[in-house]
Amino acid sequence: MSKTGSSKITAGRAALWLLLVPLYATYGLYVVLRWTLGLPRLARGTRAMLSDEIRCPNGHPNLTRGRFECGACHGVYHGWVGECPLCGAGASWFPCGTCGVSIPLPWESS
Ligand SMILES: [Zn+2]
Ligand SMILES: [Zn+2]
C-alpha cells in the first residue's frame, strides 16, 4: 500500500514538474532576453556616466563636472552634473554651455 502511495506522489510531482518547468523556462528566457536587450543601453549609460564630457545635439562638448544649477532646489553647485549635492535630486538634463540647448542625460533615460 505504502509503495503504491509513494509512487503516486512521485507521479504527481513529476506531472507538476512537467507543468512548471516550461513556465520557469519561459520566465527564465524572458529575464535573460530583457537583460540582454537592456545591456547595450546600460553600457552606453555607464560609459556616458564615466566620461568627462557630453555633447549637445549641436555637437558642443560640455563637461559633466563643473558649475551647475539644480532644477529641483535651484541651488548652484560645483561637481558632477548627474546629482545635486545640496538636495540629492538627480538631473535628467542640463543646458549646453555654448548654445543653451537641453542635453538629456543618457543614464536617466530608462
Ligand atoms: Zn538640488
Ligand atoms: Zn550646444
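Taking the options LEU39, LEU18, LEU23, name whichever one is within 20 Å of TRP107 (Cβ to Cβ), loosely packed, with under 12 Cβ neighbours inside 10 Å and free of Cβ contacts under 8 Å to residues at least 12 places away in the same chain. Residue meeting the stated conditions: LEU39. Being within 16 Å of ligand 1 (Cβ to nearest atom), at pLDDT 90 or above and of a type in the set (A, V, I, L, M) is not true of VAL32. Apart from one condition, TYR77 fits all of (1) exposed (fewer than 12 other Cβ atoms within 10 Å of the Cβ); (2) away from ligand 2 (no atom under 13 Å from the Cβ); (3) modelled with pLDDT of 90 or more; (4) not aliphatic (A, V, I, L, M); the exception is (1). For the stretch 64-74, which positions are surrounded by 13 or more Cβ atoms within 10 Å (Cβ to Cβ) and not in a loop (DSSP other than H, G, I, E, B)? Matches in the stretch 64-74: GLY66, PHE68, GLU69. So in the stretch 89-110, with the set limited to residues that are within 16 Å of ligand 2 (Cβ to nearest atom), among the aliphatic types (A, V, I, L, M) and over 21 Å from GLY38 (Cα atoms), which one is modelled with the highest pLDDT? Only one residue fits best here, namely VAL101. Among the conditions (1) outside the structural domain of PRO95 (by TED's automatic domain parsing); (2) among the hydroxyl-bearing types (Ser, Thr, Tyr); (3) free of Cβ contacts under 8 Å to residues at least 40 places away in the same chain, THR64 misses just one, which is (1). Residues that are modelled with pLDDT under 95 and over 27 Å from GLY38 (Cα atoms) were ranked within the stretch 59-72; the one that is farthest from ligand 1 (Cβ to nearest atom) is GLY66.
Filtered by the rule that a residue be without any contact (Cβ under 8 Å) to a residue 24 or more places away in the chain, more than 9 Å from ligand 1 (Cβ to nearest atom) and assigned to a strand (DSSP E or B), the stretch 75-101 gives VAL76, HIS78, GLY79, TRP80, GLY90, TRP93, PRO95. On inspection, GLY28 does not qualify as among the small types (Gly, Ala, Ser) and within 16 Å of ligand 2 (Cβ to nearest atom).
The values are calculated or read from the model by the stated rules, or taken from the named source; none is laboratory data. Please read all numbers here as calculations on a predicted model, not as lab measurements. Reconstructed Cβ throughout: ideal geometry from the backbone, glycine too, with neighbour counts over all protein chains shown.
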